[in-house]
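Before any comments, here is the structure.
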Amino acid sequence: MDEAQIIDALRSGDLERQAPALDEALRVVKALISESVRTLADAKAAFPIAAKIFKFGPLVIPMLEDLLKQPMSEDARDHTAALLVELGSTTGVPHLLSLLERRNRDFVMAALVLGKARVQEAAPLIRGVLEQWDCASDPYSATTLVDALKKVDSIPDSLKDSLRQRWPRQMYAGLEELLQG
């Protein structure tokens, strides 16, 4: 059955035509989603693919969880784990925590996703990164880290004071707003 035939059978009002059309629709949807998820593993740029796959919603979680167990590039693995957590699965949490711990290329993204998901285990790792972060050379990533930490834990006064000393003066008002809010 092609798409038009499936739709025609679904709209027919005839149960004997609708039931097989539903089966066929499910088969087609699963095949398309499966291929869409595989695209992530093979993607040269994982982020735009992950952003599109996010639109499938929780339906893709089991397929992404299976994908995470397969060999793929680190970029694809990082985005697969982040996508899982953003969709509500905890399967990607250990990988994202390891990104933070190792401070690999995508660790700021990992902090952002873990903070948004309110993963408490991320708090000491994010705090450790912020304690050593060169805020003057990259205040934008520092802002992301502060925001992520605020979502999972309170920021100790000692860290606030340290950030104030290391923050670029021209952006100081933004820091104060971030620390207050």
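The values are calculated or read from the model by the stated rules, or taken from the named source; none is laboratory data. These numbers were taken from a predicted model, which means no experiment stands behind them. Backbone-built Cβ (ideal geometry, glycine too); neighbour counts: all protein chains shown. Protein only, heavy atoms only, side chains kept; ligands, DNA and RNA dropped before computing areas. Shrake-Rupley method; radii C 1.70, N 1.55, O 1.52, S 1.80 Å.
Summary table
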{"read-out": "Considering residues of region 1-55 that are of a type in the set (K, R) and assigned to a helix (DSSP H, G or I) only, the residue farthest from A81 (Cα to Cα)", "value": "R17"}
{"read-out": "Region 82-101 residues that are closer than 20 Å to V146 by Cβ, paired with ones that are among the aromatic types (F, W, Y) and open to solvent by 10 Å² or more (accessible area, probe 1.4 Å) (beta carbon under 6 Å, 6 or more apart)", "value": "L99/F107; L100/F107"}
{"read-out": "Condition check for A136: open to solvent by 30 Å² or more (accessible area, probe 1.4 Å), over 25 Å from A46 (Cα atoms), part of a helix (DSSP H, G or I) and hydrophobic (A, V, I, L, M, F, W, C)", "value": "no"}
{"read-out": "All positions within region 31-61 that are within 20 Å of G88 (Cβ to Cβ), without any contact (Cβ under 8 Å) to a residue 24 or more places away in the chain and surrounded by fewer than 16 Cβ atoms within 10 Å (Cβ to Cβ)", "value": "A51, K52, K55"}
{"read-out": "Some residue of region 104-123 being open to solvent by 80 Å² or more (accessible area, probe 1.4 Å), at pLDDT below 95, closer than 24 Å to S162 by Cβ and not in a helix (DSSP H, G or I)", "value": "no"}
{"read-out": "Those residues of region 168-177 which are closer than 10 Å to T143 by Cα and open to solvent by less than 30 Å² (accessible area, probe 1.4 Å), in sequence order", "value": "L175"}
{"read-out": "Failed criterion for D147 (all others in (1) among the acidic types (D, E); (2) open to solvent by 60 Å² or more (accessible area, probe 1.4 Å); (3) in a helix (DSSP H, G or I) hold)", "value": "(2)"}
{"read-out": "Cross-chain or 6+ apart pairs with Cβ under 8 Å, region 14-27 first and without any contact (Cβ under 8 Å) to a residue 12 or more places away in the chain, then exposed (fewer than 13 other Cβ atoms within 10 Å of the Cβ)", "value": "Q18/S12"}
{"read-out": "Hey, A123 touching a Leu at 6+ places or on another chain (Cβ under 9 Å) and within 30 Å of F56 (Cβ to Cβ) or not", "value": "no"}
{"read-out": "Residue check, K116 among the charged types (D, E, K, R) and either in contact with a strand residue (DSSP E or B) (Cβ under 8 Å, 6 or more places away or on another chain) or without any contact (Cβ under 8 Å) to a residue 24 or more places away in the chain (or both)", "value": "no"}
{"read-out": "Residue satisfying all of: in region 73-102; touching a helix residue (DSSP H, G or I) at 6+ places or on another chain (Cβ under 8 Å) and of a type in the set (D, E); least open to solvent (accessible area, probe 1.4 Å) among these", "value": "D78"}
{"read-out": "T90 vs. criteria assigned to a helix (DSSP H, G or I), of a type in the set (S, T, Y) and modelled with pLDDT of 95 or more", "value": "no"}
{"read-out": "Residues satisfying the stated conditions in region 158-168, i.e. farther than 24 Å from V113 by Cα and not in a loop (DSSP other than H, G, I, E, B)", "value": "S158, D161, S162, R164, Q165, R166"}
